[in-house]
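Can you read through this structure? Questions will come right after.
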Amino acid sequence: MIVTFGRPWRETPSTSVANLLRLVKDADRWVRWGVAGNPACDESIRRVMGEAPDKELRGLLAERRELEPELAARLVDDASPEVRERLATHTHDPDVITALMADRTARVREGLARNPRTTTAQRSALAQDPVVDVRAALVLAVELAEADLRRLVDDRSVQVRMAMATSEVVPPHIRQALGGDPDEMVAGAARDFRPGSGNSSVVRAPRVDQRASGTGRGRPGGARR
């Protein structure tokens, strides 16, 4: 391992670009993935990551905020739905969000549903998505317009209504309406909800700075595929 002044290369911005370009192609996947979290990872390295056959490496690239428009546009058309989903969840680029709204893969739109940078119009469209998981993810993650909330109170899916009942971002008057839901579990969840109780989902970025114990051959930190 390369160490600079007692710190591993994954953590120090003084690691040279030449070394990072070599390491991003290393046979050890943990070494490759570690490059993504290095502060010295610049555009030249990100371009290599974007062309890598390693899907996880492209996924880590998709989660970076400082992503060049050209690279983001390439990831919009990535062959892996997982990579596109991670881009959808983390991107700050409105053009990328607009492009991914048309993605036919539900998990990609589910990623968009968790992205707080969507517009009101985009959230309204996602609130009417035909896939239950997309609508459920949306009500757990972001604030919605009153018209969308009123529509979702009567959603045909118990999963969506339960997500609303336990969401931290749903306003009290909507939760009160769900207290009369025909499904007793939904109604009970709405009546028993307490803010800050940990019921709602939280999107957390994966850690790539260390090998997590017990993760075996999985992704960094054992994250879900």
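Using the Karplus curve 6.51 cos²θ - 1.76 cosθ + 1.60 with θ = phi - 60°, work out ³J(HN,Hα) for each residue of the stretch 84-99 in order, rounded to whole Hz, and write x for Gly and Pro.
5, 4, 5, 5, 4, 6, 10, 5, 9, 8, x, 5, 5, 4, 4, 5
Further question: Tell me, what ³J(HN,Hα) does each residue in the stretch 176-193 have, in order and in whole Hz, if you take phi through Karplus 6.51 cos²θ - 1.76 cosθ + 1.60 with θ = phi - 60° and put x for Gly and Pro?
4, 5, 5, x, x, 4, x, 8, 5, 5, 5, 4, x, 4, 5, 5, 8, 4
Bear in mind that the values in this text are calculations on the coordinates, not laboratory data. Just so we're clear, the structure is a prediction, and the values are computed from it rather than from any experiment.
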